[in-house]
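The values are calculated or read from the model by the stated rules, or taken from the named source; none is laboratory data. Since the model is a prediction, treat every value here as computed from it, not as a measurement. Note that each Cβ is placed from the backbone with ideal geometry, even for glycine, and that neighbours are counted across all protein chains shown. Quick note on the areas: whole protein, heavy atoms, side chains included, nothing else; ligands and nucleic acids left out. Shrake-Rupley method; radii C 1.70, N 1.55, O 1.52, S 1.80 Å.
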Amino acid sequence: MIAFGADDMLYIGMGDGGSGGDPQGHGQNRRTLLGSILRINPHNSATYTIPTDNPFVNTGGGVRGEIWAYGIRNPWRFSFDRTSGDLWVGDVGQNAVEEIDIIRRGGNYGWAVMEGRASTHPEWNRGPTPVLPPTIDHRHSESSSITEGATYYGTRVKELYGTHIYSDYDTGKFWGFRY
């Protein structure tokens, strides 16, 4: 998915590139664009520019400045909360856990050393920065293909005002929570 944020920058969700278990280690590798949420400025350029306030700009060592956050397996839809500006991502899991993450600048969301809150490869390094836990996670017994939704600020259903709503493609279930 791609979408503009309130900052007029373009956000891009990139999966880890396929293959079970991320054998190339893309999720924890900031030298590739895969397994990340990217943030670029597509305005006034033949291609794009990298915003100077991105967290890994001029880091060196081949680290890609386009990366806003990383450690993402398969970001299936994302949304910006129109009141807080928070970026929410539905990250489809592999074998065990689906998750909803609030994305923070420079955040590491753990894939593939973690799936949700569970360690997948205890023998692997935890990554270049600490892993942030998911905001919400669901075991595969209740969800198997998480789809990010939106925070409701409508007036028709007053009880839902401020509730973040998301669903699961396979089961058809919907959930909501207030952050």
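For segment 17-97, count the residues as N, evaluate 2.2 N^0.38 Å, and divide the Cα radius of gyration by that value, please. Working shown, then result.
Working: Rg = 14.1 Å, N = 81, 2.2 N^0.38 = 11.7 Å.
Scaled against compact globular proteins, the figure is 1.21.
From Cα pairs below 8 angstrom and at least 6 apart in sequence, can you work out the relative contact order of segment 55-108, rounded to a whole percent? Display every interim value, and only then the final one.
Working: 86 pairs, mean separation 17.7, N = 54.
RCO, segment 55-108: 33 percent.
Give me the net charge for the shell around Ser144: Cβ to Cβ below 12 angstrom, other residues only, Lys and Arg +1, Asp and Glu -1.
Details: positive: Arg139, Lys173; negative: Glu98, Glu142, Asp168, Asp170.
Net local charge, Ser144 excluded: -2.
Translational diffusion coefficient of the chain at 4 °C, 1.567 mPa s, Stokes-Einstein with Kirkwood Rh over Cα pairs, in µm²/s as a whole number.
Working: Rh = 16.7 Å.
For the chosen part, D equals 78 µm²/s.
Considering the Cα positions of segment 1-63, please state its Rg to one decimal place and its Dmax as a whole number of Å.
When restricted to the Cα atoms of segment 1-63, Rg and Dmax are 13.0, 39 Å.
Return the carbon/sulfur percentage of the accessible area of the chain, one whole number, probe 1.4 Å, all protein chains in place.
Numbers: 4650 of 8980 Å².
The nonpolar share, carbon plus sulfur, comes to 52 percent.
Return a whole-number percent for the relative contact order of the chain, with Cα pairs under 8 Å and 6 or more residues apart as the contact set. Before the final figure, lay out the partial values.
On the way: 432 pairs, mean separation 28.7, N = 179.
Rounded, it is 16 percent for the chain.
Run through segment 64-98 and list the trypsin sites (Lys or Arg not before Pro) located in a DSSP loop whose Cβ has at most 14 other Cβ atoms within 10 Å.
Values: sites: Arg64, Arg73, Arg77, Arg82; in loops: Arg64, Arg73, Arg82.
The qualifying sites are Arg82.
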